[in-house]
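Reading through the structure tokens given below for one structure.
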Amino acid sequence: MGEELNPFKIAQEQLDEAAEIMGLDKQAHALLREPKRTLIVNIPVKMRDGHTETFTGFRVQYNDARGPAKGGIRFHPAETLDTVKALSAWMTWKCSLADIPFGGGKGGVICDPKKFNEVELENLSRGYMRAIADFIGPKTDVPAPDVYTTPQIMGWMLDEYTRKVGHNEFDTITGKPVEVWGSEGRMDSTALGGMFVMREAAKALKLNLKKSKIAVQGFGNAGKFAYTLSKEMFGAKVVAISDSEGGVYDPDGLDLKKLDEAKEKTGSVKNYKSKNAKQITNEKLLELDVDILIPAAIENQVRKDNADDIKAKLLLELANGPVTPDATQILFEKGVMDLPDFLVNSGGVIGSYFEWAQNISSYYWDTKRFHDELDRTITKSFKDTIAMQKGYADKGKKISERMAAYVIAVDRVAKAMKARGWY
Ligand code: NAD
């Protein structure tokens with residue numbers, strides 16, 4: 001990964017730009033450029049043949065001025081400390097923009113979970129929790145799932161934490177299985193939140209979603225639900241989707257059953273078959289002539305070298321960090337509405353907040369209430385962002401949607417730090 005694409009440098013540059021726009025106090029700016037606490041752990045894991053392998057993991061608590069650190073855990077072979085630091089910064093802005101009582105955090109383990117059997121995966125999950133357990137908890141830092149981690153993994157981690165403290169604390173971790181008081185709505189809340197944002201953005205852009213063509217990059221939790229919900233909620237046509245192996249394009253729209261079949265039988269959606277379907281690369285998927293592009297896989301997908309080729313009118317960043325700062329500028333100048341990750345995918349953490357709040361009170365909502373509250377919360381974030389952008393435009397200063405969201409989020413955290421006497 002080149003210097004330019006170091007995700008933490010990107011996160012710092014974005015903050016610097018927002019600080020400049022809003023005239024942020026220099027002391028607050030310095031505090032917000034670095035994480036509060038960075039933990040590196042080495043985890044011994046018993047493998048199936050009896051030997052012990054050591055895995056390196058991270059937990060970063062970026063800022064907790066507004067509440068406990070909050071953020072997912074990734075299991076990924078290309079995980080780096082700087083990726084985790086960047087993601088923990090973005091979590092800080094995400095929780096602040098959503099106006100929920102959390103700071104930002106993130107965790108990760110360098111490993112390839114596809115190579116593990118179930119016992120090895122459980123051993124690693126429990127080992128990681130043992131390694132970080134002294135530093136997390138419902139009032140300090142509340143983890144959740146992210147790339148290649150699942151509700152089952154959260155269940156094992158909850159159990160391991162429970163062994164340490166000696167009693168159940170269901171509010172320690174979110175994204176849990178419903179049997180241990182996870183929320184039914186949490187599973188698809190990231191994509192559902194993105195859909196509420198898509199609905200509002202379409203209104204603002206006067207896009208008819210029923211007639212819109214959509215391309216989705218990624219077929220995991222975020223991407224697959226974005227695909228199904230776009231169809232179910234709005235009758236939109238998803239013409240392309242991909243995974244790490246490549247993608248498929250069909251101008252007539254894609255069928256979920258056939259996508260699942262291709263994924264199950266061949267390991268990739270790229271092998272989807274229909275009359276007009278053809279394979280495309282992940283790069284070409286981004287450049288398709290569609291109305292809406294939803295990157296829902298990994299970071300740094302839209303960059304300086306391909307931003308000009310984006311044809312979508314609306315770019316919904318469901319993944320974290322899919323658009324680089326240079327590309328944000330190009331998209332902005334082209335007039336593409338590029339809605340930032342920490343707005344679009346905040347449904348996940350908003351859902352986690354509902355789960356945590358219910359665990360604390362031991363009083364549980366039905367799914368309808370969960371969805372209604374999610375809609376209300378994320379729609380407000382979208383409207384706040386557009387109002388902030390308009391406020392600057394009225395004063396003669398044009399700023400991107402990302403910067404408008406940053407200004408709101410950073411201002412709230414800075415004010416909390418000020419109120420606590422941190423500067
Ligand atoms: P996931 O592990 O369920 O799925 C990841 C998907 O990305 C898979 O389909 C995988 O094949 C694909 N992928 C991996 N490498 C790729 C590559 N090089 N090119 C194209 N596709 C590739 O993960 P997820 O939970 O869906 O997360 C996806 C993104 O959404 C991440 O950026 C994550 O941080 C973000 N996100 C997820 C949640 C959530 O609740 N799941 C919440 C907020 C943000």
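For the stretch 36-178, which whole-number percentage of the solvent-accessible area (1.4 Å probe, protein heavy atoms only) is attributable to carbon and sulfur atoms? Exposed carbon and sulfur together represent 51 percent of the surface.
When ligands, DNA and RNA are left out and all protein chains stay put, how many square angstrom of accessible area per residue does the stretch 303-423 have with a 1.4 Å probe?
42
With contacts taken as Cα pairs under 8 Å at a separation of at least 6 residues, the stretch 36-178 carries a relative contact order of 25 percent.
Taking every DSSP beta bridge that has both ends in the chain, the antiparallel portion is near 50%. Assuming a ≥ b ≥ c are the square roots of the Cα gyration tensor eigenvalues, decide whether the stretch 36-178 counts as rounded (a/c under 1.5), prolate (otherwise, with a/b larger than b/c) or oblate. Judged from the Cα gyration tensor, the stretch 36-178 comes out prolate (a/c at least 1.5, a/b above b/c).
Taking max minus min of the alpha-carbon positions on each principal axis, the chain gives extents of 56, 55, 46 Å, largest first. The amide H of Asn63, built 1.01 Å from its N in the peptide plane, has Lys36, Gly104 as neighbours under 5 Å, considering only residues 5 or more places off or on other chains.
With 30 Å as the limit, the listed pairs Lys94/Lys176; Lys114/Lys334; Lys26/Lys94 have Lys114/Lys334 beyond it between alpha carbons. When the charge dipole of the stretch 85-237 is built from unit charges on Cβ atoms (+1 for Lys and Arg, -1 for Asp and Glu) and taken about the Cα centre, the candidate among Tyr161, Ile110, Gly218 whose Cα reaches farthest toward its positive end is Gly218.
Residue-wise HN-Hα couplings along the stretch 49-54, as the Karplus relation 6.51 cos²θ - 1.76 cosθ + 1.60 with θ = phi - 60° gives them from phi, are 8, x, 7, 9, 10, 9 Hz; Gly and Pro carry x. Comparing Trp181, Ile100, Gln152 along the charge dipole axis of the chain, the residue lying farthest to the positive side is Ile100, per the Cβ-charge model. For the stretch 25-152, the antiparallel share of DSSP beta bridges with both residues in that region comes to about 65%.
How many percent of the accessible area of the stretch 263-378 is carbon or sulfur, using a 1.4 Å probe?
Carbon-and-sulfur percentage of accessible area, whole number: 48.
Its Cα centre serving as origin, the stretch 36-178 has a Cβ charge dipole (Lys and Arg +1, Asp and Glu -1) of approximately 260 debye.
Dividing the mean sequence gap of close Cα pairs (under 8 Å, 6+ apart) by how many residues the chain holds gives a relative contact order of 15 percent. Heavy-atom accessible surface of the stretch 156-249, averaged per residue, reaches 40 Å², computed with a 1.4 Å probe.
Within the stretch 292-367, the chymotrypsin sites (Phe, Trp or Tyr not before Pro) that combine a DSSP coil assignment with at most 12 other C-beta atoms in a 10 angstrom radius are Tyr363. About the centre of its Cα atoms, the chain shows a dipole size close to 760 debye [charges on the beta carbon of Lys, Arg (+1) and Asp, Glu (-1) only; nearest 20 debye].
The values are calculated or read from the model by the stated rules, or taken from the named source; none is laboratory data. This is a predicted model, so every value here is computed, not measured. Note that we place each Cβ from the backbone using ideal geometry, even for glycine, and neighbour counts take in every protein chain shown. Quick note on the areas: whole protein, heavy atoms, side chains included, nothing else; ligands and nucleic acids left out. Shrake-Rupley method; radii C 1.70, N 1.55, O 1.52, S 1.80 Å.
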